[in-house]
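The values are calculated or read from the model by the stated rules, or taken from the named source; none is laboratory data. The model shown is predicted, which means the values in this text are computed figures rather than measured ones. With ideal geometry, Cβ positions are generated from the backbone for all residues, glycine too; neighbour counts draw on all protein chains shown. Ligands, DNA and RNA are stripped out before the accessible areas are found, and what is left, the full protein with its side chains, is counted by its heavy atoms. Shrake-Rupley method; radii C 1.70, N 1.55, O 1.52, S 1.80 Å.
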Amino acid sequence: LRHLSLSSRELTQNYLPNCHIIEGIEYGAEDITILDGLAFLSTGLKYPGLPSYSDDPGKIYSLNLLDSDLKIKALNIKGQFDKGSFNPHGISVYTDVKDGAIYLFVVNHPQGKSQVEIFRFVEDENALQYIRTIRHELLHNVNDIVAVGTESFYATNDHYFTNEILKVMEPLLSLSWCDVVYYTPQTVQVVAGGFPSANGINISPDKRHLYVSDILKHKISVMEIQKNTVLSHVKEVDVGSLCDNIEVDRESGDLWLGCHPNGLKFMLSDPNDPPGSEVIRIENILSEKPQVTQVYSDDGSVIIASSVATPYGGKLLIGTVYQKALICDLK
């Protein structure tokens with residue numbers, strides 16, 4: 001367990017220039033994704049065993065990185081959707097090549113359940129039009145999602161059991177029963193398994209490879225998408241940290257990871273000894289020698305429990321599970 005959680009690891013601070021807290025984010029931005037300079041932020045996650053400092057429902061915010069004032073805006077949700085129990089987790093954006101429509105897929109945990117919400121982004125109203133909710137017995141502990149169509153996606157389950165006590169037992173018993181699920185309206189199937197806990201997931205720019213954060217093994221798993229949508233294992237890349245969400249630079253193909261450098265501190269979440277934050281970049285992941293670089297690290301004095309990092313236009317956004325969000329200049 002000490003090895004799994006990296007409980008003895010201490011951080012050396014490694015800051016980026018010109019970092020600022022994003023005003024208005026107080027209760028986490030667990031996942032962030034960017035489309036053409038517009039960032040979508042998933043905020044207010046309430047997750048069993050972790051702190052939550054607000055009883056308000058979660059929200060999705062937008063942040064236009066092309067605007068100099070960098071002000072977040074809450075996205076209004078339209079349609080027959082229960083906003084009062086909204087508890088957003090992982091998110092993914094998909095643009096329909098047929099008509100340019102933009103869809104936002106959101107992992108949602110109302111009353112502790114797991115389901116996926118599909119919205120259409122209405123840009124001129126800064127709103128989300130609710131389309132549908134997806135529930136399935138294979139989508140039982142969904143953490144993250146990557147959309148590959150207007151109604152299709154890959155999703156990770158971060159636990160096998162749904163009972164809270166049994167969930168705690170999974171790492172104690174070294175169970176590797178978590179998986180990746182592929183969903184379309186016609187078929188739902190497990191396409192990869194054997195993970196102690198599968199967290200972040202994303203796809204390569206050419207749509208040929210999936211990347212999954214095997215958080216308790218401190219690795220990123222690389223899998224090739226076969227014609228039948230089943231995944232074949234390619235390799236694992238050591239990152240030396242408990243990395244959560246994965247964002248992919250659509251131009252370079254680089255992976256950007258928001259990580260928990262010390263899992264024990266993350267689970268204990270002691271305000272007097274807060275968990276730190278770490279951002280890791282992987283370049284040339286499909287080559288024989290991927291380059292793994294620590295881009296940012298903090299002992300918790302600036303931001304606590306980083307879960308996502310994504311670059312755009314020389315800036316880096318860093319989100320956290322339950323605290324603040326940061327924007328920095330990249331060196």
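Mind telling me which of the residues Phe119, Phe105 ends up being open to solvent by less than 30 Å² (accessible area, probe 1.4 Å), assigned to a strand (DSSP E or B), in contact with a Gly (Cβ under 9 Å, 6 or more places away or on another chain) and within 19 Å of Val188 (Cα to Cα)?
Phe105
Consider only pairs whose beta carbons are under 7 Å apart and that are at least six residues apart or on different chains; among these, list those whose first residue lies in segment 253-278 and is farther than 24 Å from Ile34 by Cβ and whose second residue is open to solvent by 60 Å² or more (accessible area, probe 1.4 Å) and assigned to a strand (DSSP E or B).
Lys265/Asp273
Have a look at Gln80, Gln129 and point out the one that is part of a strand (DSSP E or B) and without any contact (Cβ under 8 Å) to a residue 60 or more places away in the chain. Steps first, please.
Values: Gln80 fails: part of a strand (DSSP E or B).
Every option except Gln129 fails the conditions.
Return yes or no: is Tyr27 among the aromatic types (Phe, Trp, Tyr) and touching a Lys or Arg at 6+ places or on another chain (Cβ under 7 Å)?
no
As an exercise: evaluate Pro51 against (1) open to solvent by 50 Å² or more (accessible area, probe 1.4 Å); (2) farther than 21 Å from Thr310 by Cβ; (3) assigned to a loop (DSSP other than H, G, I, E, B); (4) out of contact with any helix residue (DSSP H, G or I) (no Cβ under 9 Å at 6 or more places or on another chain) and give the number of the one condition it does not meet.
(1)
Got at least one residue in segment 8-15 being over 15 Å from the mean Cα position of the chain (by Cα), at pLDDT 95 or above and more than 30 Å from Gly313 (Cα to Cα)?
The answer is no, given that none of the residues of segment 8-15 is over 15 Å from the mean Cα position of the chain (by Cα), at pLDDT 95 or above and more than 30 Å from Gly313 (Cα to Cα).
Within the group Tyr312, Tyr296, which residue is buried (at least 24 other Cβ atoms within 10 Å of the Cβ) and either over 19 Å from Lys217 (Cβ atoms) or of a type in the set (S, T, N, Q) (or both)?
Exactly one of Tyr312, Tyr296 is buried (at least 24 other Cβ atoms within 10 Å of the Cβ) and either over 19 Å from Lys217 (Cβ atoms) or of a type in the set (S, T, N, Q) (or both), namely Tyr296.
List the pairs whose first member sits in segment 225-246 and is of a type in the set (S, T, N, Q), whose second member is assigned to a loop (DSSP other than H, G, I, E, B), and whose Cβ atoms are under 6 Å apart, counting only residues at least 6 apart or on separate chains?
Once the first residue is of a type in the set (S, T, N, Q) and sits in segment 225-246, its partners that are assigned to a loop (DSSP other than H, G, I, E, B) give Ser232/Gln226; Ser241/Pro261.
Under 20 Å from Gly28 (Cβ atoms) and among the small types (Gly, Ala, Ser): is that true of Ser176 in this structure?
So Ser176 fails the test.
Please enumerate the residues belonging to segment 206-234 that are surrounded by fewer than 19 Cβ atoms within 10 Å (Cβ to Cβ), of a type outside the set (A, V, I, L, M) and assigned to a strand (DSSP E or B).
Taking segment 206-234 and keeping what is surrounded by fewer than 19 Cβ atoms within 10 Å (Cβ to Cβ), we get 206-208, 217, 219, 224, 226-230, 232-234.
From what is left, the residues that are of a type outside the set (A, V, I, L, M) are 206-208, 217, 219, 224, 226-229, 232-233.
Answer for segment 206-234, where residues must be surrounded by fewer than 19 Cβ atoms within 10 Å (Cβ to Cβ), of a type outside the set (A, V, I, L, M) and assigned to a strand (DSSP E or B): Lys219, Glu224, Ser232, His233.
Condition first: closer than 30 Å to Ala74 by Cβ, open to solvent by less than 50 Å² (accessible area, probe 1.4 Å) and either not in a loop (DSSP other than H, G, I, E, B) or not charged (D, E, K, R) (or both). Can you find one or more residues in segment 163-173 that meet it?
no
State which residue pairs qualify: first residue on the phi > 0 side of the Ramachandran plot and inside segment 201-224, second residue part of a loop (DSSP other than H, G, I, E, B) and surrounded by fewer than 22 Cβ atoms within 10 Å (Cβ to Cβ) in any location, beta carbons under 6 Å apart, and separation of 6 or more residues or different chains.
Short answer, once both residue conditions are applied: His218/Gly240.
Only one residue in Ser252, Ser176 is in a loop (DSSP other than H, G, I, E, B), in contact with a strand residue (DSSP E or B) (Cβ under 8 Å, 6 or more places away or on another chain) and closer than 22 Å to Ile280 by Cα, so which one is that?
Ser252 is the lone residue from the list that is in a loop (DSSP other than H, G, I, E, B), in contact with a strand residue (DSSP E or B) (Cβ under 8 Å, 6 or more places away or on another chain) and closer than 22 Å to Ile280 by Cα.
Against the definition (farther than 22 Å from His89 by Cα, hydroxyl-bearing (Ser, Thr, Tyr) and open to solvent by 40 Å² or more (accessible area, probe 1.4 Å)), how does Thr187 come out, yes or no?
yes
Collect the residues in segment 36-48 that are within 15 Å of the chain's Cα centre (by Cα) and not in a loop (DSSP other than H, G, I, E, B), keeping them in residue-number order.
Ala39, Phe40, Leu41, Ser42, Thr43
Please go through segment 57-80 and give me each residue that is open to solvent by 90 Å² or more (accessible area, probe 1.4 Å) and under 21 Å from the mean Cα position of the chain (by Cα), ordered by number. Step through it out loud before you land on a result.
From segment 57-80, those open to solvent by 90 Å² or more (accessible area, probe 1.4 Å) are 66, 68-69, 71, 73, 80; that's our starting set.
Answer for segment 57-80, where residues must be open to solvent by 90 Å² or more (accessible area, probe 1.4 Å) and under 21 Å from the mean Cα position of the chain (by Cα): just Lys73.
Within segment 132-145, how many residues are surrounded by 14 or more Cβ atoms within 10 Å (Cβ to Cβ) and part of a loop (DSSP other than H, G, I, E, B)?
Going through segment 132-145 one residue at a time, the tally reaches 5.
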